[in-house]
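Since the structure comes first, as structure tokens, the remarks are kept for the end.
The values are calculated or read from the model by the stated rules, or taken from the named source; none is laboratory data. Here the structure is a predicted model, which is why all the values come from computation and not from measurement. Note: ideal-geometry Cβ built from the backbone for every residue, glycine included; neighbour counts use all protein chains shown. Surface accessibility is based on the protein's heavy atoms, side chains included, excluding ligands, DNA and RNA. Shrake-Rupley method; radii C 1.70, N 1.55, O 1.52, S 1.80 Å.
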Amino acid sequence: RCVGKRKSEVLNIQARDIDPRRQQLSIVRRPDSKFDPRLNQPRVKTREHTIAVTREVIQLYQDYLVHRRGVSGASKHPYLLVNHKAGPTQGQPLTKGALEEVFRTIKQSEPRLSHLHPHLLRHHFNDKLSETFDKRAGERNEDEETKVRANLNGWSEQSDMAKVYNKRHIDRKAREAGLKTQETLAEVMNLNGSDKGDTT
């Protein structure tokens, strides 16, 4: 929820990929791993990359490891997220279908989250990243933002995806600024008693 990774990247994380001491997470490509019993193995589509994570994420990881140790079959493979339901698949690496079921359960339990889906969290991360750049002092550097976004998402610097997210943010800011300007102009005209005239 905090790091903006694709669901396949999350499902591919092994316990050793998180380094609590350095507070970092590594996204590693493992095509056709012999340790993965899933028929439809999640594949990392981006480049291998390492990102810093907060102490909160590290704490969640460590708490989950304690809980994971009590799940039958979880010690037979290195993947972090496992199936906790009793049955023949208990302890096996969490599948794409199982992750989708988690989100369906969340949406059924909380109507306000009816729009929630795994990739939405990735969009949310990138939106918050744009806001972080907005709050930085000094003139905005779009080239730097593109490179940072590409790095955090595992894209090459030549990837168009970083530019797509940048454009989405700029379009949204332009819309907000345009509406705010219209509201301000309307208020001024009303104060001047010109609301009955042409305000286009």
Inset, instruction - Can you spot the lysines whose alpha carbon is less than 25 Å from Lys135's alpha carbon? Ignore those fewer than 8 places along the same chain. - result: Lys5, Lys147, Lys163, Lys167, Lys173, Lys180
Legend entry - Paramagnetic reach from His117 in segment 164-183 [backbone N under 12 Å; point 7 Å along Cα→Cβ]: none
Inset, instruction - Give me the number: length gained by fully extending Ala177 to Ala86, i.e. 0.36 nm times residue separation minus the C-alpha to C-alpha distance, one decimal in nm. - result: 27.5 nm
Legend entry - R0 of 41 Å, Cβ-Cβ distance Asn151-Leu191: FRET efficiency to nearest 0.05: 0.25
Legend entry - Of Pro20, Pro118, Val164, farthest towards positive along the dipole that unit charges on Lys, Arg, Asp, Glu beta carbons give the chain: Pro20
Legend entry - Viscosity 1.002 mPa s, temperature 20 °C, Stokes-Einstein D of segment 1-91 from Kirkwood C-alpha radius, µm²/s: 154 µm²/s
Legend entry - Relative contact order for segment 45-128, counting Cα pairs under 8 Å that sit 6 or more residues apart, in percent: 15 percent
Inset, instruction - Provide the FRET efficiency to the nearest 0.05 for the Leu60-Asp19 pair, computing r from the beta carbons and using R0 = 22 Å. - result: 0.90
Legend entry - Surface accessible to a 1.4 Å probe, per residue, for the residues of segment 18-133, Å²: 64 Å²
Legend entry - Semi-axis lengths, Å, segment 29-138, gyration tensor of Cα atoms, sqrt of 5 times eigenvalues: 29, 19, 16
Legend entry - Between segment 60-91 and segment 1-54, the Cα center-to-center distance that results, in Å: 16 Å
Inset, instruction - In debye, nearest 20, what is the charge dipole magnitude of segment 68-200 about its Cα centre with +1 on Lys and Arg Cβ and -1 on Asp and Glu Cβ, if you could check? - result: 940 debye
Inset, instruction - Could you tell me which of Ala150, Val3, Ser72 has its Cα farthest along the dipole of the chain towards the positive end, charges placed at Cβ (Lys, Arg +1; Asp, Glu -1), taken about the Cα centre? - result: Ser72
Inset, instruction - Pull up all non-local amide H partners of His49: gap of 5 or more, or a different chain, and H-to-H distance under 5 Å with H placed in the peptide plane. - result: Ile27
Inset, instruction - Return P(r) of the chain (all Cα-Cα pairs; 10 Å bins starting at 0; whole %; ordered from short to long distances). - result: 7, 25, 30, 18, 10, 6, 3, 1
